[in-house]
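Chemist: The structure's right below; bear with me while I get my questions together.
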Amino acid sequence: MLRVGAKRILGLGFRPAAASAGARAYHERVVDHYNNPRNVGSFDKEDPTVGTGLVGAPACGDVMKLQIKVDDATGKIVDACFKTFGCGSAIASSSVATEWVKGKQTEEVLSIKNTEIAKHLSLPPVKLHCSMLAEDAIKAAVKDYEAKKAKVVAGNTEPLPVEKAANA
């Protein structure tokens, strides 16, 4: 069973933290998304239909990259993926976020709140920052996509660097 404090780089297994007698187990939804993460991977960040959100929490070391692929004609998110370095809650929050944004309009996903993700995963208060990262990553990905789209409309086809778009 996965315990609080474990860190994992997707594809490389997890590094458990020191186990204590009072360690709290994750909710079954967190364990499911941790063991079977949905939509892991990445898109070409130079693709003008792709928005990339790169966010991190220096205090705990979680880093999340969430990408969306948008149909320019409809504004609908047709695909999403993520790569996350962090605890089980961060990975589960990323996985849930990619599932929730698919098939929705870019404006619609901006209303996804960290509290909804946290409630769905039954995250304890100490892990709420993971769901906040997921919300921030969604917003950053939409902002990056919109910045690329605005540049293309303005006639400049060179996309913004991901770091500047994510931090803008």
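The values are calculated or read from the model by the stated rules, or taken from the named source; none is laboratory data. This is a predicted model, so every value here is computed, not measured. A quick note on method: Cβ atoms are made from the backbone with ideal geometry, for glycine too, and the neighbour counts reach across all protein chains shown. Remember, those area values only see protein heavy atoms, side chains included, never the ligands or the DNA or RNA. Shrake-Rupley method; radii C 1.70, N 1.55, O 1.52, S 1.80 Å.
Chemist: Working carefully through the options ILE91, ILE68, ILE77, find the one that is hydrophobic (A, V, I, L, M, F, W, C), more than 25 Å from VAL152 (Cβ to Cβ), open to solvent by less than 10 Å² (accessible area, probe 1.4 Å) and in contact (Cβ under 8 Å) with a residue 24 or more places away in the chain.
Modeler: Details: ILE68 fails: more than 25 Å from VAL152 (Cβ to Cβ); ILE77 fails: more than 25 Å from VAL152 (Cβ to Cβ).
Answer to the selection: ILE91.
Chemist: Also, I was wondering about something else. Being open to solvent by less than 70 Å² (accessible area, probe 1.4 Å), within 23 Å of VAL30 (Cβ to Cβ) and in contact (Cβ under 8 Å) with a residue 24 or more places away in the chain narrows it down to one of GLY51, GLY86, so name that one.
Modeler: On the way: GLY51 fails: within 23 Å of VAL30 (Cβ to Cβ).
That would be GLY86, the only listed residue that is open to solvent by less than 70 Å² (accessible area, probe 1.4 Å), within 23 Å of VAL30 (Cβ to Cβ) and in contact (Cβ under 8 Å) with a residue 24 or more places away in the chain.
Chemist: Another question, if that's okay. Among the listed residues ALA23, ALA59, identify the single one that is out of contact with any Gly (no Cβ under 6 Å at 6 or more places or on another chain), open to solvent by 70 Å² or more (accessible area, probe 1.4 Å), part of a loop (DSSP other than H, G, I, E, B) and at pLDDT below 90. Don't jump to the end; show me each part of the working.
Modeler: Details: ALA23 fails: open to solvent by 70 Å² or more (accessible area, probe 1.4 Å).
Matching residue, one of ALA23, ALA59: ALA59.
Chemist: While we're looking at this one, here's another question. Kindly list the number of the only condition in (1) part of a strand (DSSP E or B); (2) of a type in the set (Gly, Ala, Ser); (3) at pLDDT 95 or above that fails for GLY103.
Modeler: Of the numbered conditions (1) part of a strand (DSSP E or B); (2) of a type in the set (Gly, Ala, Ser); (3) at pLDDT 95 or above, the odd one out for GLY103 is (1).
Chemist: Ok, one more. Looking at this structure, is THR106 in contact with a helix residue (DSSP H, G or I) (Cβ under 8 Å, 6 or more places away or on another chain) and farther than 30 Å from VAL126 by Cβ? Talk me through it step by step, then tell me what you get.
Modeler: On the way: in contact with a helix residue (DSSP H, G or I) (Cβ under 8 Å, 6 or more places away or on another chain): yes; farther than 30 Å from VAL126 by Cβ: yes.
In short, yes.
Chemist: Would you pick out the residues in the range 94-106 that are small (Gly, Ala, Ser) and free of Cβ contacts under 8 Å to residues at least 40 places away in the same chain?
Modeler: First pass over the range 94-106, keeping only residues small (Gly, Ala, Ser): 94-95, 97, 103.
GLY103, the sole residue that qualifies.
Every residue, every condition in (1) modelled with pLDDT of 95 or more; (2) surrounded by fewer than 22 Cβ atoms within 10 Å (Cβ to Cβ); (3) assigned to a helix (DSSP H, G or I), yes or no:
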site: GLU99; (1), (2), (3): yes, yes, yes
site: ILE112; (1), (2), (3): yes, yes, no
site: ILE117; (1), (2), (3): yes, no, yes
site: LEU123; (1), (2), (3): no, no, no
site: LYS127; (1), (2), (3): no, no, yes
site: CYS130; (1), (2), (3): no, no, yes
site: ASP136; (1), (2), (3): yes, yes, yes
site: ALA141; (1), (2), (3): yes, no, yes
site: ASP144; (1), (2), (3): yes, no, yes
